[in-house]
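No value in this document is a laboratory result; all are computed from the given coordinates. Remember, it's a predicted structure, so these values are computed and weren't measured experimentally. Quick reminder, even Gly has a Cβ in these numbers, built from the backbone with ideal geometry, and neighbours come from all protein chains shown.
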Amino acid sequence: MTTLDRPHLYIDGQWTPPASSETIAVENPATEEVLAHVPAGTAADVDRAVAAARAAFPAWSVASDRAQVLDRLHTALASRAAEIARVVGLELGTPLKIAKAVQAGLPLTVLRSYADLVLPPPETIGNSTVVREPIGVVGAITPWNYPLHQVVAKVAAALAAGCTVVLKPSELTPLVAFLLVDAASEAGVPPGVLNVVTGTGPVVGAAIAGHPDVDMVSFTGSTATGRAITHAAADRIAKVALELGGKSANVILADADVTRAVKVGVGNAYLNSGQTCTAWTRMLVHESVYDEAVSLAAKTAGGYTVGDPFDESTRLGPLVSAAQRDRVLGFVARASARMVAGDSPVPQKGYFVAPTVFADVDPDSELAQEEIFGPVLSIIPFSSDDEAVAIANNSKYGLAGGVWGSEERALAVAARMRTGQVDINGGAFNPRAPFGGYKQSGVGRELGVHGLAEFQQVKAIQR
Ligand code: NAD
C-alpha cells in the first residue's frame, strides 16, 4: 500500500468498491518504482456507472445552476494545483515547471472558460427557432500525455452542455483524475453527473465504447484505438468525437527569423518529452537557411538537461513507460537519416531518451511519416513554398503546424496546410480556439464554443 493508492471507483457520487479485486500498478517512469494501485474496473462497473449517469441526466440536462457548479469545481480544483503538478510529475515524469504551467495550469484555464460559457440564445432561421440540447450520457476515454487537460477538455464541456459523464482515464496515469473527482465531490457536482471507472482499454474502454446506453464517445488517444472505438459505436450509430495522433510540420520559410523559429520549434517538438499530439516533429527548412537551422537545432537539443522531473533545472523528463521508450528507440535505430543530436547522457534508471535530431530526412520515410511520441525531431529541406506545402501535407495526419516568415507569405502557406491549427511566427496556444484534426488526426473539435457544440444536439422548432 502507498499513500497514493486509490482502492475505489467513483460512481453515483460515492466511492464504491469495484466488482473485481484486481488492481493496476501505476509506475513512476523516472524511478521505475510502483507509485500506487488503482482498481482494474470491469464491464460490470461500467454498467453501474452508465446507469448512474443515465439516472442523473434528466435533472442535470435542465439544471439552471450548471455555471455555478462548474465555478465551484474550478475553485476546488484550483486549490489542488500544486498537488496536480506533483502527481503528474510522479506518474508521467513531466518536469515540475512544465507540470505547474501546463499539466495543472491549462486544465484550470479550460475549466474556467466553460464555467464562463453562457448557453447561446436560441437562433432564428426563417420560421424556425433552433435550440441546442445536451446529447446525453457521454463516455470519455483519455490518454496519458496530458492526463488532466484531456479529461477536463471533455468533462468541462460535457457538463457545461448538460451531459453526464462516465470517464476512463489512462491506466498509465490515472491518479490525477482522482484529484478531479475529489474536487467534484467537494464542489457538490450532483451524484451521477461525473463517474470514474479506472481500468484497461480493452476491458473498461471497450465496455464504454460499445455500451448501448452511452450516447456519445469522446476519445483522445492513438489513431488505432480511435478506429476500434468508431467500429464499436457504429452498430448503434452513437456519435464519436476523436482527437488522435499527429505528425505536424513546422515550416521555416526563406525570410523567417531562423534563430527564433528553430528554438521555438525544438521546444515545441520536445514539449513533454515529445509526447504531445500537436508536436512539430517535422521541421521543414528552406534550402537557403538549411545548414544554419540544422546546426542551431543540434545545438539547442544538446543543451537540454535530461533527468529528474523534480529538479528545477530539468527540461526533459522520462517517457511514460518502458514500452514507450523502447518504441521510440526502435524508430531511432531504424532511421537512415543523418543524426546530428542524440548522444547526450541520460540517467540509467528511468525511461529516458536523449533529445535527438535527424537531418536530411526523406519525407516518405518512417521517421517523417509515423508518430514517434518521443524527443525525436526530423529536419527536411525544401526549395520553394509550393514544395513546403506539398511536404507538409504529405501525411496521413493533419492536426497542427507552424509557419515562420513574413506574415503575408506565412499566412498564404498556412491557408494551404490541411491541418486543424497553424501558428504563425510562434502565435500562442489559445485555450478557447477550436482544437482538432483533419484526416486521420480526428473528428470533431474540443475547447471553447466549438468544443461545447460537440456535446449538443440541435433542434429546430417551426411555427
Ligand atoms: P491509446 O489509444 O493507447 O489509449 C488512449 C486511451 O484509450 C486509454 O485510456 C486506453 O486505455 C484506451 N483504450 C485502449 N484500447 C482501447 C479499446 N480497444 N477500446 C477503448 N479504449 C481503449 O493512446 P495512448 O498511448 O494513451 O496515447 C498516445 C496517443 O494519443 C498518441 O498517438 C497521441 O498522438 C494521441 N493523442 C492525441 C491527442 C489529440 O488531441 N489529438 C492528444 C493526446 C494524445
Residue satisfying all of: in the range 207-231; surrounded by fewer than 20 Cβ atoms within 10 Å (Cβ to Cβ) and part of a helix (DSSP H, G or I); farthest from the chain's Cα centre (by Cα) among these = 231
Out of 119, 73, report the one residue that is away from the ligand (no atom under 16 Å from the Cβ), of a type outside the set (Gly, Ala, Ser) and assigned to a helix (DSSP H, G or I).
-> 73
Of the residues 332, 357, 346, which is of a type outside the set (Gly, Ala, Ser) and crowded, with 20+ Cβ neighbours inside 10 Å?
-> 357
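Please pick out the residue among 281, 259, 276, 225 that is within 9 Å of the ligand (Cβ to nearest atom) and either farther than 26 Å from residue 9 by Cα or touching a Ser or Thr at 6+ places or on another chain (Cβ under 6 Å) (or both).
276
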Which of the residues that make up the range 318-330 are under 22 Å from the mean Cα position of the chain (by Cα) and either within 14 Å of the ligand (Cβ to nearest atom) or assigned to a helix (DSSP H, G or I) (or both)?
-> 319, 320, 321, 322, 323, 324, 325, 326, 327, 328
Members of the range 353-393 found to be in contact with an Asp or Glu (Cβ under 7 Å, 6 or more places away or on another chain) and part of a loop (DSSP other than H, G, I, E, B), listed by number = 354, 383
Those residues that are touching a helix residue (DSSP H, G or I) at 6+ places or on another chain (Cβ under 9 Å), surrounded by fewer than 24 Cβ atoms within 10 Å (Cβ to Cβ) and charged (D, E, K, R), I need them from the range 246-298; list them, please.
-> 255, 263, 292
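Could you list, in sequence order, the residues of the range 57-70 that are of a type outside the set (Asp, Glu) and without any contact (Cβ under 8 Å) to a residue 24 or more places away in the chain?
58, 64, 68
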Out of 151, 155, which single residue is in a helix (DSSP H, G or I), in contact with a helix residue (DSSP H, G or I) (Cβ under 6 Å, 6 or more places away or on another chain), within 16 Å of the ligand (Cβ to nearest atom) and touching a residue at least 12 places away in the same chain (Cβ under 8 Å)?
-> 151
Any idea which of 73, 96 is within 28 Å of residue 36 (Cβ to Cβ), crowded, with 22+ Cβ neighbours inside 10 Å and in contact (Cβ under 8 Å) with a residue 60 or more places away in the chain?
-> 73
